[in-house]
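Accompanying notes for the structure given below.
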Amino acid sequence: MQTTSNSITEIAQQTRTHARQLAVLPTEARNDALEAIAQALEAASEEILAANAEDCRQAEAEGLSKPLYNRLKLNATKLQGAIAGVRNVKTLEDPVGNVQIHRELDTGLILKRITCSLGVLGVIFESRPDAVIQITSLAVKSGNGVILKGGREAIRSCQAIVQAIVRGLEKTAIDPAVVQLLTSREQIQELLQLDEYVDLIIPRGSNSFVRFVQENTQIPVLGHADGICHVYLDRAADLEKATSIVVDSKTQYPAACNAVETLLVHTDIANSCLHQVVPALQHNGVTLKADDAVREIMPQLAAATEEDWSTEYSDLVLSIKMVDSIDRAMVHINQYGSGHTEAIVTEDPQAAKTFLAQVNSAGVFHNCSTRFSDGYRYGFGAEVGISTQQMPPRGPVGLEGLVTYKYQLTGDGHVAATYSGANAKPFSHRELS
């Protein structure tokens, strides 16, 4: 773990050196390390929870926002869930060393494309100390080193977690220096300049924070600035399903980036739907804002403004808009959505097919909660973050997003001149098993 006597450049150099060694270790060695980490975290659970409680006390005293506080707070159940995630990652298929292409170009000239580790990940996040556990487990499994920088509000929690991880790694073939923790805000700017040693930056936090990272580094960035998710209740929606899906999407964990922020309701079912969904949301403490068409039916609701359609509340607040067609719903989503997760509730297969095909988001769901947009729920074991970019990796990013590939070509004195010119020899391009 980082010591105050080392510069960020020295830390990154050390991490890169040890990451190269980690990348070539066999699967068994990396899996053994994950089990050692899980056991060390279990042994340090009381210490970690005590550190988190102190972070929470200070955060309350300093008036930390409710969404950030909710992400900061750990309890025994949440911690045990994160530890279980480490063991889930252990059971996943090794993403390193997979042969994607095995092709004979000519007799004795063999091409392979093989997956390999990225190198060093720089992960910067606000609150969410459990993210340290998820990210570290995925980094170790995929053979990558990781430099972590948590927010000031979570410093004690992060230190306690990383200290436990280091104790676990000390019992394995993996050098603990593959996991580093930075502790001061000033170090973020330095980290963002280390394109020589850091291969990928993963920011997890507020919109402004993610945009700051994207605009201040030449290192590739994986992440999303906004989590503006929608649920559209189609004219053929089942109202019982609609109510449970909307309530879950908003209230199951409102601070999450996959929580719904805008509800779109088809005109044909608005009257019956709103009189069922609105009370259910209010019963769960949700503050509602609505457009003029919705307020004609529910005049007690506050008026929504243009700004509400592009706002990520990260809290028990939801905006509601009425639309007269699935096309209008999709236009609204593609205009105001962040490309994260959108859902349609309908019993019309054609409407569902149209929505799934034409809405341009990383996650597009039919008759289920937006809260399913999560690496653990997808069976990835855990996730390092969620990407809303068009190019892959997209959506929840697990192991497959932390590896790249290289081409290996083996010959026996072959030269390119043999395959060019008037008498060029043809390539066989034969696929091998």
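Here's a check for you: in the range 397-413, which residue that is touching a strand residue (DSSP E or B) at 6+ places or on another chain (Cβ under 8 Å) and aliphatic (A, V, I, L, M) is modelled with the lowest pLDDT?
Per the stated criteria, the residue is V397.
Of the numbered conditions (1) touching a strand residue (DSSP E or B) at 6+ places or on another chain (Cβ under 8 Å); (2) of a type outside the set (S, T, Y); (3) farther than 30 Å from V331 by Cα, I155 fails exactly one; give the number of that condition.
Exception for I155: condition (1).
Consider only pairs whose beta carbons are under 7 Å apart and that are at least six residues apart or on different chains; among these, list those whose first residue lies in the range 381-408 and is farther than 24 Å from I101 by Cα and whose second residue is assigned to a loop (DSSP other than H, G, I, E, B) and basic (K, R).
So the pair list comes out as S387/R394.
Restricting to the range 285-313, name every residue that is among the hydroxyl-bearing types (S, T, Y) and more than 21 Å from K66 (Cα to Cα).
T305, the sole residue that qualifies.
Of all helices (runs of 4 or more DSSP H) completely enclosed by the range 128-196, which ones contain at least 3 residues that are in the same structural domain as A38 (by TED's automatic domain parsing), touching a residue at least 40 places away in the same chain (Cβ under 8 Å) and over 21 Å from the mean Cα position of the chain (by Cα)?
Passing ranges, in order: 155-169.
Conditions (1) small (G, A, S); (2) at positive phi; (3) buried (at least 17 other Cβ atoms within 10 Å of the Cβ), marked per residue:
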residue: I11; (1), (2), (3): no, no, yes
residue: R20; (1), (2), (3): no, no, no
residue: T27; (1), (2), (3): no, no, no
residue: N31; (1), (2), (3): no, no, yes
residue: A44; (1), (2), (3): yes, no, yes
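Could you say which residue among V364, V345 is under 30 Å from F125 (Cβ atoms), surrounded by 17 or more Cβ atoms within 10 Å (Cβ to Cβ) and at pLDDT 95 or above?
That would be V364, the only listed residue that is under 30 Å from F125 (Cβ atoms), surrounded by 17 or more Cβ atoms within 10 Å (Cβ to Cβ) and at pLDDT 95 or above.
Only residues that are free of Cβ contacts under 8 Å to residues at least 40 places away in the same chain and more than 26 Å from the chain's Cα centre (by Cα): list them for the range 29-49, please.
E46
Within the range 1-111, considering only helices (runs of 4 or more DSSP H) that don't extend past its boundaries, which have at least 2 residues that are modelled with pLDDT of 95 or more? Reasoning before the result, please.
Details: elements: 8-23, 27-43, 45-61, 66-72, 76-91.
Answer list for the range 1-111: 8-23, 27-43, 45-61, 76-91.
The values are calculated or read from the model by the stated rules, or taken from the named source; none is laboratory data. Predicted, not measured: the structure shown is a model, and the values here were computed from it. When we count neighbours, we look across all protein chains shown, and the Cβ atoms used for this are built from the backbone with ideal geometry, even at glycine.
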